[in-house]
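Here is the structure we will look at.
The values are calculated or read from the model by the stated rules, or taken from the named source; none is laboratory data. On a predicted model such as this, the values are computed, not experimentally measured, just so you know. Don't worry about glycine lacking a Cβ; one is built from the backbone with ideal geometry, like all the others, and counts go over all protein chains shown.
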Amino acid sequence: MCSLPCANFVARLVFLDMKIFQDLVFVPESSTMGSDTQKALIRFENGYGVSVLTGSGALATIEKPYELAVIKYQDDNDYQIIYPTLFNSDVIPCLTSDEVTQYMDIIQSLPELF
């Protein structure tokens, strides 16, 4: 559950028109990652984005059901995962929805890509 400081953080992002977890649209992942795996992609104005997985194909737990990858868009539909990421050498596992929003905030604040 979101404590008061977290609620203030999310309210600030909404005020700044930043994308938050609730803006993600999850769809079934059609790869071999597990029949219950869902994926959401979102692109930010700076050319970065995130790919968020949930379900049995994600590096996640019941308490922290999301996995996040930092992505860089080449054009509107073409992207690649950034390895190593800005935060770690692989995807970022075991996140709550609030933690996903916090990473989204940081990534949206990066300088624009050329």
- Note on the structure: The condition of being within 22 Å of Leu110 (Cβ to Cβ) and either β-branched (Val, Ile, Thr) or surrounded by fewer than 19 Cβ atoms within 10 Å (Cβ to Cβ) (or both) holds, among Leu53, Leu41, only for Leu41
- Query: If you go through segment 27-45 one residue at a time, do you hit one that is farther than 20 Å from Lys72 by Cβ, touching a Lys or Arg at 6+ places or on another chain (Cβ under 7 Å) and not in a loop (DSSP other than H, G, I, E, B)?
  - Reply: yes
- Message: Please pick out the residue among Gln108, Gln102 that is surrounded by 11 or more Cβ atoms within 10 Å (Cβ to Cβ), within 10 Å of the chain's Cα centre (by Cα) and polar (S, T, N, Q).
- Response: Gln102
- Query: In segment 8-26, how many are assigned to a loop (DSSP other than H, G, I, E, B), loosely packed, with under 13 Cβ neighbours inside 10 Å and modelled with pLDDT of 90 or more?
  - Reply: 1
